[in-house]
Amino acid sequence: MFSESAIKKIGRSETILILTGAGISAESGVPTFRGENGLWKKYKPKELATPDAFRNDPVLVWEWYRYRRDIIRSVEPNPGHLALAAMEETVPNLVLVTQNVDGLHARSGSKRILEVHGNIMRSRCSQCARTLPADEETWRNGVPVCECGGMMRPDVVWFGESLPRQVLKEAFTAAEECDVCLSIGTSALVQPAASIPWHAVQAGAYVLEINPESTPLTPHIQEFVKGKAGIVLPELLRQVREQQQKNPGR
Ligand code: OAD
């Protein structure tokens, strides 16, 4: 499944950068965006995931996000999330960058997580920018409202919006400094997150991709492992631990 050199590099690396996308949560039952049963086959991003959509029809936008929140509340992290959380113990510095807004990495025990597209279980005031966890929101007529009187919006990044600057900066710094980069379950199409592994390639890291399908990144990296994250990642963890036990020290 993996080359021997990948296992050695991962086992001995000081810094690993991991980029995840919707594919890692697919086996938990959270729909991906693209592909056969992807959300963007059924719904139009322009009507649901842009600042204009929220201005035009905040109730409709919130209906869609409540539907997605309900899915996320009903699912559990899968063996892929759990393997990544456990991988923190095998490397001095592991930075987990996720495009996912579902919070499943935190629920599975990962500690250093950079959420570049926000978190669906939080809302942010469209007037004063105060943020609130979902369970502390006050709802009025289909929309949560802030104590300042403003409408709360989901605290996620919509099309046409910038990503949180500091979070993105930390992700790109990690891409430049890492020894190994894993790109997992992402179509590698949505910028700027998609360029994080490219930065790692350019900085000389060993880049490995895990996905049942190839992506635009695939031809440019050292290793492509075709398969589902929930199967591939526990095996990766097992092999890295085995290698570290055989060869202690970095
Ligand atoms: P996509 O839906 O674009 O891609 C999901 C990827 O996961 C595809 O490449 C699938 O082949 C792969 N995949 C499916 N099942 C898998 C599994 N079990 N294990 C591993 N991989 C699997 O999702 P993202 O790349 O995350 O942005 O999409 C990026 C962004 O586009 C999202 O964050 C979202 C969306 O519009 C915003 O909302 C801003």
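When the strands (runs of 3 or more DSSP E) confined to region 148-215 are screened for residues that are farther than 30 Å from D57 by Cα and open to solvent by less than 50 Å² (accessible area, probe 1.4 Å), those reaching at least 2 such residues are found at 180-184, 206-211. Filtered by the rule that a residue be without any contact (Cβ under 8 Å) to a residue 60 or more places away in the chain, open to solvent by less than 80 Å² (accessible area, probe 1.4 Å) and within 30 Å of R238 (Cα to Cα), region 36-84 gives I72, V75, P77, H81. Among the residues of region 85-100, those identified as within 20 Å of the chain's Cα centre (by Cα) and open to solvent by less than 20 Å² (accessible area, probe 1.4 Å) are A85, M87, V91, L94, V95, L96, V97, T98, N100.
Among the residues in region 195-215, are any under 27 Å from D52 (Cβ atoms), more than 10 Å from the ligand (Cβ to nearest atom) and either without any contact (Cβ under 8 Å) to a residue 60 or more places away in the chain or in contact with a Gly (Cβ under 7 Å, 6 or more places away or on another chain) (or both)? Explain how you work it out, then say what you get.
Of the residues in region 195-215, the ones under 27 Å from D52 (Cβ atoms) are 195.
Cutting the leftovers down to more than 10 Å from the ligand (Cβ to nearest atom) gives us 195.
In the following step, the residues that additionally are either without any contact (Cβ under 8 Å) to a residue 60 or more places away in the chain or in contact with a Gly (Cβ under 7 Å, 6 or more places away or on another chain) (or both) were identified as 195.
So far as region 195-215 goes, yes, one or more of its residues are under 27 Å from D52 (Cβ atoms), more than 10 Å from the ligand (Cβ to nearest atom) and either without any contact (Cβ under 8 Å) to a residue 60 or more places away in the chain or in contact with a Gly (Cβ under 7 Å, 6 or more places away or on another chain) (or both).
Inside region 1-28, residues that are outside any helix (DSSP H, G or I) and either within 11 Å of the ligand (Cβ to nearest atom) or surrounded by 14 or more Cβ atoms within 10 Å (Cβ to Cβ) (or both) make up a count of 12.
The values are calculated or read from the model by the stated rules, or taken from the named source; none is laboratory data. Quantities reported herein were computed from a predicted structural model and do not represent experimental measurements. Cβ atoms come from the backbone with ideal geometry, glycine included; neighbour counts cover every protein chain shown. Protein only, heavy atoms only, side chains kept; ligands, DNA and RNA dropped before computing areas. Shrake-Rupley method; radii C 1.70, N 1.55, O 1.52, S 1.80 Å.
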